[in-house]
1. With a Förster radius of 30 Å, plug the Cβ-Cβ distance of T52 and Q107 into 1/(1 + (r/R0)^6) and report the FRET value to the nearest 0.05.
2. If you count only protein heavy atoms with a 1.4 Å probe, what accessible area per residue comes out for the chain, rounded to a whole Å²?
3. Which of the chymotrypsin sites (Phe, Trp or Tyr not before Pro) found in region 13-76 are loop residues per DSSP with 16 or fewer other Cβ atoms within 10 Å of their Cβ?
4. Can you pull the accessible area of T56 for me, 1.4 Å probe, Å² to the nearest 10?
5. Full extension from A23 to S62: what is 0.36 nm times the residue separation minus their Cα-Cα distance, to one decimal in nm?
6. Report the extension gain between S70 and E88 in nm, rounded to one decimal, defined as 0.36 nm multiplied by the number of residues separating them, less their alpha carbon distance.
7. What does the charge count near L47 come to, summing +1 for each Lys or Arg and -1 for each Asp or Glu among other residues with Cβ under 12 Å from its Cβ?
8. Work out, step by step, the length gained on full extension between S32 and R45: first 0.36 nm times the residue separation, then minus their alpha carbon distance; give nm to one decimal.
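The values are calculated or read from the model by the stated rules, or taken from the named source; none is laboratory data. As the structure is a computational prediction, the values presented were derived from the model and not from experiment. All Cβ positions, glycine included, derive from the backbone under ideal geometry; neighbour counts span all protein chains shown. For accessibility, only protein heavy atoms count, side chains too; no ligands or nucleic acids. Shrake-Rupley method; radii C 1.70, N 1.55, O 1.52, S 1.80 Å.
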Amino acid sequence: QVQLVESGGGLVQAGGSMRLSCAASGSDFSISAMAWYRQAPGKQRELVALDTGRGTTNYADSVKGRFTISRDGARNTVYLQMNSLKAEDTARYYCNAVKYAITFWGQGTQVTVSS
């Protein structure tokens, strides 16, 4: 089992920055990919950023150049640095981890960008 706990959400003005963190516990170093998803009211959950665990990252087109995903050296915490935030970035952000082909989710953290 992997427990994921997100933190760092809140209210920010458009153009501002915010950093989300996700700590994974209950795991050894077998987590492979870690990612951030988001879901806005009335919309489907969408992939925001992915760290494959093999040295590559992928981003949604809507956040390229503004968001950066990173992992710490022990690979049990993932971050999402969000810059130049827009009102359309408002959503609940979820951390995702894959271990032995099993997907785990955090409870999410709300990010609200005021225009």
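1. Numbers: r = 24 Å, r/R0 = 0.79.
According to the calculation, E is roughly 0.80.
2. Per residue, the chain has an accessible area of 52 Å².
3. Sites meeting the loop and neighbour criteria: F29.
4. 70 Å²
5. Gain on extension, A23 to S62, equals 11.5 nm.
6. 4.2 nm
7. Summing Lys/Arg as +1 and Asp/Glu as -1 gives -1.
8. Separation in residues times 0.36 nm, less the Cα-Cα distance, equals 2.6 nm.
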